[in-house]
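Encoded as structure tokens, the structure appears first; notes follow it.
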Amino acid sequence: VEAGVAAAGPAGDVLILNGDLPLLTRETLKQLVETHASTGAAVTVLTCEKEDPFSYGRIVRDATTGRLKGIVEEKDADEATRRIKETNAGVYVFKIDVFREYYARTDCENVQGEYYLTDVVALAAATEERVAAARRGAHFRLGVAPSYCAVTPRPWRRLVEDAGQLRSRRPQKVV
């Protein structure tokens, strides 16, 4: 991320996504970027509802306004936060200047000792930057998470379905 942001120009938007999203489509990215532009947000996050959100970061919203306040990673979450069904899909659009400002303020003071992109979202939201979410439903999937296989009695059915979906796609030019 740091190398890509360093190479970016001084203004504009940057799309950042996790590298483990084999089911991500061009259409989903297009919708995310359109949501970012139409809302005038400084940060836009792709989220999805999960019946079993195990291993996903949870989207924390203000109880009164519904405004996105931050994202809490599974390992850092308390029990109440773990009950949240709206999850982070790991795909973001940031105004580049906003990203640079708040990324410089992040630290690795968390359970995993890592720098979290999700902290950039929380820092921006805490300072009243507009943070938007492009929400998808419960059946929306982007990745094939190994953690799912560890906790599901029938992981192979899910993996076979995902493999079939990947095989049925024609190669796409993403950018």
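The values are calculated or read from the model by the stated rules, or taken from the named source; none is laboratory data. Since we're looking at a predicted model, the values are computed, not measured. So basically every Cβ, Gly included, is an ideal-geometry build from the backbone, and we count neighbours across all protein chains shown. The area values use the complete protein model at the heavy-atom level, side chains included, leaving out ligands, DNA and RNA. Shrake-Rupley method; radii C 1.70, N 1.55, O 1.52, S 1.80 Å.
A few points about this structure:
- Å² of accessible area per residue within the range 23-138, as computed with a 1.4 Å probe and no ligands counted: 48
- Computed E for residue 105/residue 33 - FRET, C-beta separation, R0 30 angstrom, nearest 0.05: 0.75
- Rounded to whole Å, sorted largest first: equivalent-ellipsoid semi-axes of the range 59-137, Cα gyration tensor: 19, 17, 11
- A full extension of the chain between residue 23 and residue 64 corresponds to an added length of 11.4 nm, given 0.36 nm per residue minus the alpha carbon distance.
- Quotient of C-alpha Rg and 2.2 N^0.38 Å, computed over the range 1-101: 1.14
- Accessible area of the range 48-99 belonging to carbon and sulfur atoms, whole % at 1.4 Å probe: 50
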